[in-house]
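Just below is one structure, and these are the notes that go with it.
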Amino acid sequence: MKQAFLVFLGGGLGSVLRYVISKPLNILLQNFFLGTFLVNIAGCLLIGVILGLSSRNNLLSINSTLFLATGFCGGFTTFSAFAFEKHSLLKNSELFHFSIYTIASIIVGVLAVALGIWLSKLGQ
């Protein structure tokens, strides 16, 4: 239960920080979500540092890793987990799985958004 609470707390903090950073920056450029882009890239960098520290001589405890990587980075951006997973596939020379997972995630994600919008309009 303690670990679930750590993930919950980290996720809440990450989500609030994502909102605070991305909201004002997203309006700066037309047709490019600068805030979201920067948050996603920062999240990728951060999860790399966190998981790197976690695996290197156990510099971070399991609870710290859950709070920071799963919770905070998960709330801050799910793109960080997505990028870390791609890195793991590349590191293991899984080029086929890397390609399929990357392409499928993007295409299915965009299609899911479209489906959700379509479903939300039913019954209007």
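Test SER93 against the stated conditions and say whether it is within 30 Å of LYS2 (Cα to Cα), out of contact with any helix residue (DSSP H, G or I) (no Cβ under 8 Å at 6 or more places or on another chain) and among the small types (Gly, Ala, Ser). It is false that SER93 is within 30 Å of LYS2 (Cα to Cα), out of contact with any helix residue (DSSP H, G or I) (no Cβ under 8 Å at 6 or more places or on another chain) and among the small types (Gly, Ala, Ser).
Test VAL7 against the criterion of being part of a helix (DSSP H, G or I), open to solvent by less than 90 Å² (accessible area, probe 1.4 Å) and of a type in the set (Val, Ile, Thr), and give yes or no. Taking the combined requirement at face value, the residue satisfies it. Number of residues in the stretch 14-33 that are modelled with pLDDT of 90 or more and more than 16 Å from the chain's Cα centre (by Cα): the value is 7.
If the condition is being modelled with pLDDT under 90 and closer than 20 Å to LEU45 by Cβ, then the stretch 87-124 contributes only SER88.
Cβ-Cβ distances below 7 Å connect the following pairs, each with a first residue in the stretch 81-103 that is under 18 Å from VAL49 (Cα atoms), a second residue that is surrounded by 12 or more Cβ atoms within 10 Å (Cβ to Cβ) and aliphatic (A, V, I, L, M), and a separation of six or more residues or different chains: ALA81/ILE47; PHE84/ILE47; PHE84/LEU51. Restricting the search to helices (runs of 4 or more DSSP H) fully inside the stretch 23-116 and requiring at least 1 residues that are surrounded by 15 or more Cβ atoms within 10 Å (Cβ to Cβ), in contact with a His (Cβ under 9 Å, 6 or more places away or on another chain) and small (Gly, Ala, Ser) gives 34-55.
When we screen ASN63, ASN31 for residues that are among the polar types (S, T, N, Q) and touching a residue at least 40 places away in the same chain (Cβ under 8 Å), the only hit is ASN63.
The values are calculated or read from the model by the stated rules, or taken from the named source; none is laboratory data. Bear in mind the structure is a predicted one, so any value in this text is a computation, not a measurement. Note that each Cβ is placed from the backbone with ideal geometry, even for glycine, and that neighbours are counted across all protein chains shown. Note: accessible area is taken over every heavy atom of the protein model, side chains too, but ligands, DNA and RNA are not part of it. Shrake-Rupley method; radii C 1.70, N 1.55, O 1.52, S 1.80 Å.
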